[in-house]
Amino acid sequence: MNRPALSYLRPLVPALYIAFMLLPIYWLLNMSFKTTNEILGDFTLWPRAFTLENYVTIFTDPTWYMGYVNALIYVSLNTVISVTVALPAAYAFSRYRFLGDKHLFFWLLTNRMAPAAVFALPFFQLYSAVGLFDTHLAVALAHTLFNIPLAVWILEGFMSGVPRQLDETAYVDGYSFPRFFGRIFLPTIAAGIGVACFFCFMFSWVELLLAKTLTAVAAKPIAATMTRTASTSGYELGLLAAAGTLTIVPGAFVIYFVRNYIAKGFALGRV
Amino acid sequence: MTKTVNQKAWLFVLPVLILVAFNAFIPLMTVVNYSVQETFGDNTFFWAGLMWFEDVLHSPRFHDALLRQLTFTFTILAIEIPLGVAIALTMPRRGVWVPVCLVTMALPLLIPWNVVGAIWNIFALPDIGLLGQVLNGLGFDYNFTRQPGAAWFTLIAMDVWHWTSLVVLLAYAGLVSIPDAFYQAAKIDGASGWAIFRYIQLPKMKRVLTIAVLLRFMDSFNIYTEPFVLTGGGPGNSTTLLSIDLVKVALGQFDLGPAAAMSLIYFLIVLLLSWVFYTLMMRNEDS
């Protein structure tokens, strides 16, 4: 380990990677502050004619800003539904053996593997048939397809890390199951719940194919609004870049909240 | 940990079961239904047996798309896994830079997938993009909208940009769980850097890396939005991966029968390969 020259170079690897990561994001940000003329006219490394016009358009035009509101509504709805139903299921998988438990667990995971493209058309028909087409609930429910399995997987990982003695002691102390679950168990795995919420938020927020298929006007997410703009009104790249930049904000915000659990969380509690 | 047998645990699983069954079972049955029928577009259906499955399995178009898909998936796995491990190994373990690194690295993971495609589109365009301008300025003839090779390069670069962080975060989680005592013991024994990696760090990362491979495999096999926005599957069909081809058949040409048969074959391939990974992973967990 006596290679001081090499150890000075060590931080270079993550530094270079972060630079590579930030470059495309910088380019997006750069473009969002330019006028259409500047984007198409000259090649400039930073905006010469700095403008906030693109952002003003987004914040004043309801067809734009409602896209964010819609997306946030169905993402939150999905997170609540997924984590709520996943909690008891994950507890069952982590604590009990029952008929078909292993097969059931794998079957749940297979839904995480299903290509969204396979389900796009049948989902459209199913949600139209039950009268939920173009509602926030439709997208929230559709996204449970891949978020519930993931939430169960993550929570099961965190719950298996809690020793069974905790449960047994609580019963000896006379706790009923609901009281034990709510008062003792849930606070113990609070970090796991936070991580599960983060993942549900993340995958529901980034998914577009199903969200786009299941909405028309009333619940259309921002990401779908962007594809429409790109195709109908030609190249309004500045506006597109501004809308793109704003889609990064909620994610960055959420990451900041879970920053201390992020590493363990990405390992699904299994380290 | 020993688990007690309790059949009532089914009640805990029931809500999950109902919701997922509604979402997975009914649509899957719709697909199965379409896959064995022929229609002439007037809402009348005829039994077609396994005709569509035979058609798809023998179609050169499907073979090409599958081959492109496998090439893509194994290329990004071959780049992202070693790169992610290398970055995780060189990242600081403590200090102020840890949250900075973690938060910035998680950033691409939370960008909507079509925005990822759009970012790389405007970043790589030869006339207005930074990457395109720089590459052409350096003397490369680079235009990803016209050249299949350049399109593939951009596609791979985009996926590496998008997902390597996931591998980094997973590998890092495995690394920080190694107690300091392990390293001290290795130091006393005079172990080389390679020996530390091979006998301490790699075994500790094995489990999380299996998760990384599994997740990256599943997600890259199902990739649709990013390449669709970036290249639209072009130029020609050169970057038409399985999902893009499937959506073209299903929603573009409305050939429901072939599309449904293709869906099922596609799903079965993902399932089979994932099952192999899953079995390996669970074997690791048990031992």
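Values as computed for the structure displayed
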read-out: Boolean, A:Thr215 is at pLDDT 85 or above, more than 8 Å from every other protein chain (Cβ to nearest Cβ) and not in a helix (DSSP H, G or I); value: yes
read-out: Helices (runs of 4 or more DSSP H) wholly inside the range A:15-107 that include at least 1 residues being within 11 Å of chain B (Cβ to nearest Cβ); value: A:36-41, A:62-95
read-out: Single residue of B:Gly257, B:Gly236 found to be among the small types (Gly, Ala, Ser), touching a residue at least 12 places away in the same chain (Cβ under 8 Å) and in a loop (DSSP other than H, G, I, E, B); value: B:Gly236
read-out: Residue in the range A:182-192 that is surrounded by fewer than 22 Cβ atoms within 10 Å (Cβ to Cβ) and either closer than 30 Å to B:Val115 by Cβ or under 15 Å from the mean Cα position of the chain (by Cα) (or both) present; value: yes
read-out: Top-ranked residue in the range B:1-35 [being facing another protein chain (nearest Cβ under 8 Å) and among the small types (Gly, Ala, Ser); ranked as nearest to A:Phe93 (Cα to Cα)]; value: B:Ala9
read-out: Within the range B:247-275, tally of residues that are at the interface with another protein chain (Cβ under 9 Å from one of its Cβ atoms) and of a type in the set (Lys, Arg); value: 0
read-out: Residues of the range B:184-201 classified as more than 14 Å from B:Thr90 (Cα to Cα) and more than 10 Å from chain A (Cβ to nearest Cβ), total; value: 8
read-out: Residue ID - farthest from the chain's Cα centre (by Cα), chosen from residues in the range A:116-154 that are among the hydroxyl-bearing types (Ser, Thr, Tyr) and more than 9 Å from chain B (Cβ to nearest Cβ); value: A:Ser128
read-out: Test: A:Thr44 is touching a residue at least 24 places away in the same chain (Cβ under 8 Å) and not small (Gly, Ala, Ser); value: no
read-out: Selection count, the range A:219-238, where residues are away from every other protein chain (no Cβ under 11 Å) and at pLDDT 80 or above; value: 2
read-out: Residue check for B:Asn136: among the polar types (S, T, N, Q) and either surrounded by fewer than 17 Cβ atoms within 10 Å (Cβ to Cβ) or farther than 22 Å from A:Cys200 by Cα (or both); value: yes
read-out: Failed condition for B:Phe221, given (1) out of contact with any Phe, Trp or Tyr (no Cβ under 9 Å at 6 or more places or on another chain); (2) closer than 30 Å to B:Phe62 by Cα; value: (1)
read-out: Residue in the range B:91-114 that is among the basic types (Lys, Arg), more than 25 Å from A:Tyr256 (Cβ to Cβ) and surrounded by fewer than 17 Cβ atoms within 10 Å (Cβ to Cβ) present; value: no
read-out: Residue in the range B:210-222 that is touching a Gly at 6+ places or on another chain (Cβ under 6 Å) and under 18 Å from A:Pro115 (Cα atoms) present; value: no
read-out: Residue within the range B:225-232 that is at the interface with another protein chain (Cβ under 9 Å from one of its Cβ atoms), among the aliphatic types (A, V, I, L, M) and either outside any loop (DSSP other than H, G, I, E, B) or touching a Cys at 6+ places or on another chain (Cβ under 8 Å) (or both) present; value: yes
read-out: Extreme residue, nearest to the other protein chains (Cβ to nearest Cβ), among residues of the range A:165-207 that are out of contact with any Gly (no Cβ under 9 Å at 6 or more places or on another chain) and outside any helix (DSSP H, G or I); value: A:Glu207
read-out: Failed item, numbered, when A:Val162 is tested on (1) of a type in the set (Val, Ile, Thr); (2) more than 10 Å from chain B (Cβ to nearest Cβ); (3) over 30 Å from B:Ile26 (Cα atoms); value: (2)
read-out: Identity of the residue in the range B:114-131, outside any loop (DSSP other than H, G, I, E, B), facing chain A (nearest Cβ under 7 Å) and among the hydrophobic types (A, V, I, L, M, F, W, C), that ends up farthest from the chain's Cα centre (by Cα); value: B:Leu130
read-out: Selected residue [in a helix (DSSP H, G or I), of a type in the set (S, T, N, Q) and either surrounded by fewer than 22 Cβ atoms within 10 Å (Cβ to Cβ) or on the phi > 0 side of the Ramachandran plot (or both)] from B:Thr154, B:Thr210, B:Thr164, B:Thr145; value: B:Thr210
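For every residue, the table says whether it meets (1) at pLDDT below 75; (2) among the β-branched types (Val, Ile, Thr); (3) crowded, with 22+ Cβ neighbours inside 10 Å; (4) not in a helix (DSSP H, G or I).
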| residue | (1), (2), (3), (4) |
| --- | --- |
| A:Leu240 | no, no, yes, no |
| A:Ala243 | no, no, yes, no |
| A:Val254 | no, yes, no, no |
| A:Asn260 | yes, no, no, yes |
| A:Ala263 | yes, no, yes, no |
| A:Leu268 | yes, no, yes, yes |
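The values are calculated or read from the model by the stated rules, or taken from the named source; none is laboratory data. Note that the structure is predicted; figures quoted are calculated from it, not measured. When we count neighbours, we look across all protein chains shown, and the Cβ atoms used for this are built from the backbone with ideal geometry, even at glycine.
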